[in-house]
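Input: a single structure, listed below in C-alpha cells.
The numbers here are math on the coordinates, done by the rules we state, and not lab data. On a predicted model such as this, the values are computed, not experimentally measured, just so you know. Here Cβ is always computed from backbone atoms with ideal geometry, including for glycine, and neighbour counts include all displayed protein chains.
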Amino acid sequence: MNPIELRKDFPIFEEKINGHPLVYLDSAATSQKPRQVLDVLKRYYEHENSNVHRGVHTLGTRATESYEQAREKVATFIHAPSANQVVFTRGTTESLNMIAYGYARTRFQAGDEIVLPPSEHHSNLIPWQQVARATGASIKYLPLQPDGTIRLEDVEATVTEKTKLVTIAHVSNVLGTINPVKEIAEIAHRHGAIMVVDGAQSVPHMPIDVVELDCDFLAFSGHKMCGPTGIGVLYGKKELFEQMEPTYFGGEMIDVVELYESTWKEAPWKFEGGTPIIAGAIGLGAAVDYLSAIGLDAVAEHDAKLANLAMERLQAIDGIDVYGPQAGVHRGGLVTFNLRGVHPHDVATVLDTQGVAVRAGHHCAQPLMRILGVGSTARASFYLYNTEDDVEHLVEALQQAKEFFGHAIG
Ligand code: C6P
C-alpha cells in the first residue's frame with residue numbers, strides 16, 4: 001500500500017488551505033472521497049437515476065440492480081452470511097436507534113439490564129438511556145481502566161442473567177482503544193444477552209467478519225470509509241431481524257396494506273421505509289470496492305503505524321498530554337491530546353493556519369471527557385491517504401502553536 005500514490009485518487013488534496021497543502025487528520029469525523037466513488041455517483045445520476053423496486057422501466061431496473069448489488073458488496077465486505085442481513089440506513093446513529101426502537105423498546109422491561117462502557121459515543125449511549133426510560137430497564141456501566149481499556153473480568157462481573165443487551169464501540173473514537181468484542185460477545189451470549197457492536201471506527205479501518213465476531217448487530221457509517229454522507233449500515237442476525245419491528249412505516253416496506261392493518265416485507269426491506277438512499281448505497285458499494293482492492297489488513301497496519309508514530313512524537317513534546325493506550329499498544333488510527341493550558345479549539349485553529357485539520361471538542365463523548373478530567377481534547381486521526389510527512393507536519397504545527405501560546409502554558 002502506497003499512500004503517496006493513493007492520495008492521487010482524492011481530488012481534495014489539490015486544495016490549498018490557508019496557502020498550505022492540506023494535511024487532513026480528521027478522518028475519524030469523516031473520510032475524504034476518492035475519484036472512483038465520485039465517478040460512480042456521477043454515473044448513477046447521469047445514466048441510472050430512477051426509483052428502486054417500483055418501475056418496470058429500464059432505468060428503474062438499472063437502479064434497482066445497482067442498489068441491490070451494493071447490498072451484496074457490503075455483505076461480502078463484512079462477511080455477512082446473506083445480503084438480506086444488510087439494511088441501508090443514514091449512518092451509525094440511525095442504525096443504533098433502529099435497534100433501540102425496533103428491538104429493545106418492544107422487548108425490555110423493569111429488571112432487565114443493558115451493559116456498556118461510559119466511554120461510548122453519544123450515539124451508542126443516549127438510545128439506551130431512552131430505552132431504559134421507556135421500559136424501566138436499567139443501565140450498568142463497565143469500569144474503565146486509566147488508559148481507557150476494558151478488562152474481561154469486569155465484563156464477567158457485570159453481565160448477569162438480568163442482562164439483555166451488551167454494547168460497545170469496536171474502536172473508541174476518542175482513545176483509539178480496540179475493544180475485544182469477540183470475547184465480550186461470548187460472555188454476553190453465555191448469559192443470554194445480545195451483543196451490539198458500534199463499528200463506526202472499525203469497519204473503515206480493519207477487516208471485519210461478523211460471523212467470527214459473533215455479534216448480533218453491527219452499525220457503521222459510509223462516510224467514514226470513503227463513501228458518501230447520508231448512508232450507513234445495520235447488519236443483524238437473521239432471527240433477530242425477523243423479531244425486530246420496523247422503525248419507519250410507509251411506502252416500500254409493506255407487503256399488504258388494509259384499512260386498519262398492514263403487513264411488512266421481510267428483512268432487509270421492511271426496515272427501509274420510503275424511497276431509500278439509492279445513490280448513497282451505490283456510492284458505498286464503490287467505496288467498498290475501492291477499500292477491498294487495497295486490502296483492509298494493509299489499511300489497518302498503515303493507520304496503526306501512523307498513530308503510533310504520532311503518539312511517540314507527541315509524547316516527546318513537553319507540555320502535551322496524550323490520552324488512551326500508550327505507544328506500542330495495538331490501537332486504532334487516532335491520537336487524542338491536549339496542549340496543557342490551551343483550549344483545544346485554539347490549538348486546532350492555529351494548526352489550521354498551517355493547513356493541518358484536526359478535530360477539537362468533546363467528540364460526542366461527554367461522560368468520557370469527565371472521566372479523563374478534561375472538557376475537550378484535540379484529536380488527529382489517520383487513514384490510507386496519510387503519510388509519515390503528515391505526522392511531521394502535525395508535530396511542526398504543534399511546536400508553532402506551543403510557541404504562540406507559550407505564555408499560557410507557563
Ligand atoms: N464520530 C467523530 O468525529 P454518524 O454520525 O452516525 O455517522 O456516526 C456516529 C458515531 C458513532 N459511534 C462512533 C464510535 C463514532 O465515532 C461516531 C461518529 C465522529 O468521532 C463524529 S461525532
Column: log10 I(q)/I(0), Debye, Cα scatterers of the chain, q = 0.06, 0.08 Å⁻¹: -0.25, -0.45
Overall form of region 313-410 per C-alpha gyration tensor (a/c, 1.5; a/b vs b/c): rounded
Distance between modelled label sites at Leu259 and Val56, nm, 7 Å Cα→Cβ extension: 3.0
Cubic angstrom per residue, convex hull over Cα atoms of region 271-318: 136
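For the chain, give the share of DSSP beta bridges that are antiparallel, in percent and rounded to the nearest 5; count only bridges with both residues there. Display every interim value, and only then the final one.
Details: 26 of 44 bridges.
Of the beta bridges lying entirely in the chain, close to 60 percent run antiparallel.
How fast does region 178-233 diffuse by Stokes-Einstein, in µm²/s, taking the Kirkwood radius from C-alpha pairs at 37 °C and 0.692 mPa s? Intermediate results must be reported in sequence, preceding the final value.
Values: Rh = 11.9 Å.
My calculation gives 275 µm²/s for D.
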Low-density loop cleavage sites - GluC sites (Glu not before Pro) in region 146-233, where at most 14 other Cβ are within 10 Å (DSSP): Glu161
For the chain, built as a Gaussian network whose Cα springs stay under 10 Å, the top-fluctuating residue of Pro146, Pro34, Pro118: Pro146
Selection from Ala219, Gly192, Asn179, by position along the positive dipole direction of region 179-256 (Cβ): Asn179
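How large is the convex hull of the C-alpha atoms of region 287-345 per residue, in Å³? Working shown, then result.
Working: hull volume 5.3 nm³, N = 59.
Taking only Cα atoms, region 287-345 has a hull volume of 90 Å³ per residue.
First select every other residue whose beta carbon is under 12 angstrom from the beta carbon of Arg105; then total the charges, Lys and Arg +1, Asp and Glu -1.
Working: positive: Arg107, Arg133, Lys164; negative: Asp112, Glu245.
Once positives and negatives cancel, what remains is +1.
With +1 on the Cβ of every Lys and Arg and -1 on the Cβ of every Asp and Glu, and nothing else charged, how large is the dipole of the chain about its Cα centre, in debye rounded to the nearest 20?
For this selection, approximately 620 debye.
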Trypsin sites (Lys or Arg not before Pro) lying in DSSP loop within region 108-160, provided at most 14 other Cβ fall within 10 Å: Arg151
Positive-end extreme of charge dipole, the chain - chosen from Leu234, Thr275, Pro146 (charges on Cβ): Thr275
Loop trypsin sites (Lys or Arg not before Pro), region 77-130 (other Cβ atoms within 10 Å of the site Cβ: 13 or fewer; DSSP): none
Computed label-point distance, nm, for sites Asp318 and Asp154 using a 7 Å Cα→Cβ extension: 3.4
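Excluding Ser123 itself, what net charge comes from residues whose Cβ is under 12 Å from its Cβ, given Lys and Arg +1 and Asp and Glu -1? Walk me through the numbers on the way to the answer.
Working: positive: Arg90; negative: Glu94, Glu120, Asp198.
Taking every Cβ under 12 Å from that of Ser123, the sum is -2.
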Along each principal axis, Cα extent of region 327-378, largest first, Å: 30, 25, 20
Theoretical FRET efficiency, 1/(1+(r/R0)^6), r = Cβ-Cβ of His343 and Asn18, R0 22 Å, to 0.05: 0.65
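Restricting to Cα pairs below 8 Å that are 6+ residues apart, what does the relative contact order work out to for the chain? Please round to a whole percent. Write out the running numbers ahead of the final one.
Numbers: 839 pairs, mean separation 91.4, N = 410.
After rounding, I find 22 percent.
Based solely on its DSSP helices, what 222 nm [θ] is calculated for the chain when runs of n ≥ 4 H residues each add -39,500 (n - 2.57) and the sum is averaged over all residues, nearest 500 deg cm²/dmol?
Working: 15 runs with 158 residues, N = 410.
-11500 deg cm²/dmol, from helical runs alone.
Can you tell me the dipole magnitude for region 12-153 around its Cα centre, using point charges on the Cβ only (Lys, Arg +1; Asp, Glu -1), in Debye to the nearest 20? Write down the numbers at each step before the final one.
Working: 15 positive and 15 negative charges, 64 e Å.
In total the dipole reaches around 300 debye.
Work through the residues other than Glu72 whose Cβ is under 12 Å from its Cβ and net out their charges, Lys, Arg +1 and Asp, Glu -1.
Details: positive: Arg71, Lys73; negative: Glu65, Glu68, Asp289.
Spelling it out: positives minus negatives among the neighbours equals -1.
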P(r), alpha carbons of region 218-359 - 5 Å bins starting at zero, rounded %: 2, 8, 11, 13, 13, 12, 10, 9, 8, 6, 4, 2, 1, 0, 0
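Which pairs in the list Lys140/Lys305; Lys162/Lys265; Lys73/Lys270; Lys33/Lys265; Lys73/Lys224; Lys33/Lys305 are over 26 Å apart, alpha-carbon to alpha-carbon?
Among Lys140/Lys305; Lys162/Lys265; Lys73/Lys270; Lys33/Lys265; Lys73/Lys224; Lys33/Lys305, the Cα-Cα distance tops 26 Å for Lys140/Lys305; Lys162/Lys265; Lys33/Lys265.
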